[in-house]
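What follows is a single structure, written as structure tokens, with notes after it.
Values in this text are rule-based calculations from the coordinates and carry no lab data. Every value quoted in this text rests on a predicted model; they were computed, and no experiment measured them. All Cβ positions, glycine included, derive from the backbone under ideal geometry; neighbour counts span all protein chains shown.
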Amino acid sequence: MTRAARSFWLRSPGHGEIREVALPDPGPHDVVVRTLCSGVSRGTETLVFRGGVPESQHSAMRAPFQDGEFPGPVKYGYLNVGLVEEGPSALVGRTVFSLYPHQTRYVVPASAVTPVPDAVPASRAVLAGTVETAVNAAWDAAPLLGDRIAVVGAGMVGASVAAVLARFPAVRVQLVDAQPARADIARALGVDFALPEDAAGDCDLVVHASATEAGLARSLELLAPEGTVLELSWYGDRRISLPLGEAFHSRRLTVRSSQVGTVSPARGSRRSYADRLALALELLADPAFDALVTGECAFEELPKVLPRLSSGELPGLCHRVVYGPEFVATSV
């Protein structure tokens, strides 16, 4: 008996399709998961959809369960929440998160899934990968009591970082974005909001997540002397100019990178990838994170929806993909 599932593939840059795929038979340490919902990571995933991954980064940008190669055909994605149908008894019937692409069913090692806490609905758990990035950024940034912090760029990552940093005692967190409508998201997350020209300066720390040259320049302007910009943006194949003249040296400013592919060195010796993801899922018990899910479509609609997300025709943050009741297709 051969199990079948359906998955979303990028056939070539700008063109997606749904394909029928055969599932392997599960081994004794595997789980069979039926997907409940998945999430489109607007920054990275739309960049992949446009074919914007530089050749030098093809290996570094691989998703854990990616099939195919950049620029395509490729099956890409890493925000998946599903129900375990087969596997170890402790997991059967559990809702789990995994770094799997958009696919109706899949087979992975049991170690590759993380149980979703009972307090976190599956519809919100699709944010776990993005909140995990925010956790890693917070470990890299190491804010101190009473810090003045700006987060420039209120997309999925920036908004998640602002929500996490707002939990630190006595910090001032301001979410900065060029779109006035993002003020509603900041309000839902319990942080201040400002347009770039109105943002409060003299910051000890600025987290940059707008993926724009102007946003990075403004981040440097917002720093207090000896302040740090933590750069989270992924620019793909674009070249970005950085204003290192003027007062950059006299004010002793710092620009640091942060990337979720490695556990922050601040915690790497004591925390694993699994620990980091489990913490992200715990944080998602807060319903304020629902503000980050701003769109939804059925799995079957994904080939038509991703071009609209990539072009900006569909604005917003996380786009959730929902999966209807699936039959188990089998053939002899």
Going by a ≥ b ≥ c, the root eigenvalues of the Cα gyration tensor, does region 209-263 fall in the rounded group (a/c under 1.5), the prolate group (a/b larger than b/c) or the oblate group? oblate
Please work out the FRET efficiency for the pair Ser123 and Glu20, using the Cβ-Cβ distance as r and a Förster radius of 25 Å; give the result to the nearest 0.05. 0.40
Cα centroid separation - region 78-101 against region 267-286, whole Å: 17 Å
Can you give the helix-only mean residue ellipticity at 222 nm for the chain, where every DSSP H stretch with n ≥ 4 adds -39500 (n - 2.57) and the sum goes over all residues, rounded to the nearest 500 deg cm²/dmol? -6500 deg cm²/dmol
Over region 130-257, what relative contact order in percent results from Cα pairs under 8 Å that are six or more residues apart? 22 percent
Counting only C-alpha contacts under 8 Å and six or more residues apart, can you give the relative contact order of region 86-176 as a whole percent? 23 percent
For Val171, Val207, order by how many other beta-carbon atoms lie within 10 Å, fewest first: Val171, Val207
In the neighborhood of Leu232, defined by Cβ-to-Cβ distances under 13 Å, what is the net charge if each Lys or Arg adds +1 and each Asp or Glu adds -1? -2
Determine the distance separating the Cα centre of region 125-143 from the Cα centre of region 292-306; give it in Å without decimals. 24 Å
Evaluate the charge dipole of the chain about its Cα centre and quote only its size in Debye, nearest 20, assuming +1 on the Cβ of each Lys and Arg and -1 on the Cβ of each Asp and Glu. 280 debye
The answer for Glu296, listing residues at least 5 apart or on another chain whose modeled amide H is closer than 5 Å to its amide H, is Arg320
Relative contact order of the chain (C-alpha contacts under 8 Å, at least 6 apart) in percent is 21 percent
Viscosity 0.692 mPa s, 37 °C: Kirkwood-radius Stokes-Einstein D of region 72-117 over Cα pairs, µm²/s: 295 µm²/s
Using every pair of alpha-carbon atoms in the chain, split the distances into 10 Å bins beginning at 0 and state the percent of pairs per bin, rounded to integers. 6, 26, 34, 23, 9, 3, 0, 0
Which value does Rg/Rh take for region 130-257 over its C-alpha atoms, Rh per Kirkwood? 0.93
Need one number: nm distance between label points at Arg251 and Asp290, each 7 Å from Cα along Cα→Cβ, rounded to one decimal. 4.0 nm
D (Stokes-Einstein, µm²/s), Kirkwood Cα radius, region 90-183, 1.306 mPa s at 10 °C: 103 µm²/s
Per DSSP, the loop-located GluC sites (Glu not before Pro) within region 200-286 having at most 12 other beta carbons within 10 Å are Glu246
